[in-house]
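This report refers to the structure that appears directly beneath it.
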Amino acid sequence: MTTAQELAEFEREADAWFAENKPADPGFILPETFMEVGTDRQFDFLRDWQRKVYEAGFVGMAWPKEYGGGGVEQAFQDVATRAMARHRVPFLPNTIGLNWAGPLILNMGSDVDKARYIKGILSAEDIWCQGFSEPDHGSDLGNSQCRAVKDGDEYVINGSKIWTSLGAYARYMILLARTSTEGPNKYAGLSFFLVPMDAPGIDPQPIKKLTGEYGFCQTYFDDARIPATSLFGGEGEGWKVAMLTLTFERGATGGQAGGLSSMDMSVNDVVELARRARRNGRPAVEDPLIRDELVELMIEARGHQMMGVRAGIPALQSDWPAAVAMSGKLRGSELKRRMCKLAVSLQGANGARFVAADAIDGGMWQRSYFNAFSATIGGGTSQIQKNILGERVLGLPKD
């Protein structure tokens, strides 16, 4: 069992490493999350950073050593991740691999799967993307129409997926596709695949966002042939696998590799902006109404942080055991959206200067506000999240 002294010593080691190795300003805008990585130089910079963090031993610390992880207790990874946040270093771009695909493979994959995929996920040699949503079905994953038909030792895939972040850079995709139209319900014919993105017939097309950035793709499958060994789980078991994947995505199930998954922005940054912004010739932070809004955000941010701690204490969530963990994605995404909205409003008329050379903080807050909506949509919209919590956690009726 790890002692407090050992963790304290490791914390000093991690602090020293990130203080010494924090990358200098690259001279171009870095994305906030993996959903905004749209240029080669952004991608190369972030992938090189993840590789450096991995080689230093600060990511995947609790994953099995035989597959490329550190093989130590989760407490060490938690310390390392906190050090990354403290030093405000760049995020690790392989978000889907580190947080969704990797934990899924470790949870239910074979030894062959683990040996094939895990180390590449950690080192960022193999970037992963997600093929769940479709253009015509939104959050209704159960109605997926992308088809996968078995032909000998291969599956032939036709259809398209949308919002495949990092699709243009990914080596693999976690794909939910329909292998049958028969069965008692729409979920019965779905299957789950680990798809090599270099297979002929797979074409990820970047989508330009409101901010002018890329990152999302629509991925087209035109008679794309993938090995039958890409099937993960049995045919028709895709819905079960996808639902397990979503518990990792929403933070309801642990086992993620660690590291930052987004640029660190906090309510303290909004407070600092309020000190610089002006209202009636005085700092905006002196306005009573602004102070009320800031205090409300600070309370909410602190509550969100402590809910993460509470999730690890069974006695504090005995009434609704899954509610705290399942609500994390909803709480965090909506908090950031409101936080960025206030930051833009603090700028008054200057808030319209998004791309102008003299935009406040380089237009960071406007960009963040626009981008914040992606997190309230991806992984299930906020409305869907509320329904899930109400019906599946609290037991409320659908009507």
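The numbers here are math on the coordinates, done by the rules we state, and not lab data. Keep in mind it's a predicted model, so treat the numbers as computed, not measured. Here the Cβ is made from the backbone with ideal geometry for all residues, glycine too, and neighbour counts use every protein chain on show.
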For the stretch 293-342, I need the span (max minus min coordinate) of the C-alpha atoms along each principal axis, in Å, sorted largest to smallest.
35, 18, 14
Given charges of +1 on the Cβ of Lys and Arg and -1 on the Cβ of Asp and Glu, with all other atoms neutral, how large is the dipole of the stretch 4-125 about its Cα centre, in debye to the nearest 20?
160 debye
Rg/Rh for the chain, where both radii come from Cα atoms and Rh is the Kirkwood radius
0.97
Using alpha-carbon pairs under 8 Å, 6+ residues apart, how would you state the relative contact order of the stretch 267-393 in percent?
23 percent
Suppose the chain between residue 140 and residue 228 were pulled fully straight at 0.36 nm per residue; how much longer would it get relative to their current alpha carbon spacing?
29.1 nm
So between residue 151 and residue 356, what do we pick up on full extension, going 0.36 nm a residue minus the alpha carbon distance?
68.4 nm
From the cross-link list 22/52; 336/386; 114/161; 240/336; 208/386, which pairs have alpha carbons spaced over 21 Å apart?
114/161; 240/336; 208/386
What does the charge count near residue 283 come to, summing +1 for each Lys or Arg and -1 for each Asp or Glu among other residues with Cβ under 10 Å from its Cβ?
+3
Under a crude label model (7 Å from the Cα following the beta-carbon direction), how far is residue 381 from residue 282 in nanometres?
4.2 nm
Excluding residues fewer than 8 positions from residue 398 in its own chain, the aspartates and glutamates with Cα under 17 Å of it are 140
Net charge within 15 Å of residue 154 by Cβ-Cβ distance, Lys/Arg positive one each and Asp/Glu negative one each, not counting residue 154 itself?
-3
Taking a straight Cα-to-Cα line shorter than 14 Å from residue 150, and setting aside same-chain aspartates and glutamates fewer than 8 residues away, one finds 223, 235
Simple label model, 7 Å out from Cα along Cβ direction - residue 111 to residue 266, nm:
4.5 nm
For the stretch 255-399, state the semi-axes of the equivalent ellipsoid (square roots of 5 times the eigenvalues of the alpha-carbon gyration tensor), sorted largest first and rounded to whole angstrom.
33, 17, 15
Among 242, 372, 29, pick out the residue whose Cα is farthest towards the positive end of the charge dipole of the chain, where Lys and Arg carry +1 and Asp and Glu carry -1 on C-beta, about the Cα centre.
372
Kirkwood Rh in Å, taken over all unlike Cα pairs in the stretch 136-224:
13.8 Å
Which whole-Hz couplings ³J(HN,Hα) result when phi for each residue of the stretch 101-113 is put into the Karplus expression 6.51 cos²θ - 1.76 cosθ + 1.60, θ = phi - 60°, listed in order with x for Gly and Pro?
5, x, x, 5, 5, 5, 6, 9, x, 7, 4, 5, 4
